[in-house]
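So the structure is just underneath, and the comments pick up after that.
The values are calculated or read from the model by the stated rules, or taken from the named source; none is laboratory data. All figures in this text were calculated on a predicted structure; none of them were measured in a lab. Because the Cβ atoms are built from the backbone with ideal geometry, glycine has one as well, and the counts that use them run over all protein chains shown.
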Amino acid sequence: MSNIREEYKCAKKSKFMQAVFIGALAGAAISLFDKQTRYSVLENSKSCMSNMKEFVKNPNGVLTQVRETSSKVRSTVEKISEDVSFISQKVEEMKDIPSQVAQVVMETKEVFTAEEEEPSSRDHERISLN
């Protein structure tokens, strides 16, 4: 009984894939009724064939281009990584700024309160000297 179920599932999958393929072909055929689409498909096909011919004639050149491109991508990724590291370092430094500002404010407050207390002691000294 389980063997029949498996065959049914396989046949069902096969019919599904056939229907998808037929639908794709029908969609492609219908889209080619449009003149602009036909022209675009023709140009892209020519370009693809030209690229394939170039690859067949000169595979080393294509491989060299791929290596150069991968090298550029690698260096760009490294630069981005360095930039992210620098930015995260600056963010960490900025996190310390509020505590530094608070410390400066407290020191300024202490200086002003000390200056306020000093004139009164000077006035005392003047009075006693007179």
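Odds and ends about this structure:
- Scanning the stretch 35-53 for residues that are surrounded by 11 or more Cβ atoms within 10 Å (Cβ to Cβ) and either hydroxyl-bearing (Ser, Thr, Tyr) or in a loop (DSSP other than H, G, I, E, B) (or both) yields a total of 2.
- Looking at VAL73, VAL56, VAL84, VAL66, just one residue is surrounded by 10 or more Cβ atoms within 10 Å (Cβ to Cβ) and at pLDDT below 90, and that residue is VAL66.
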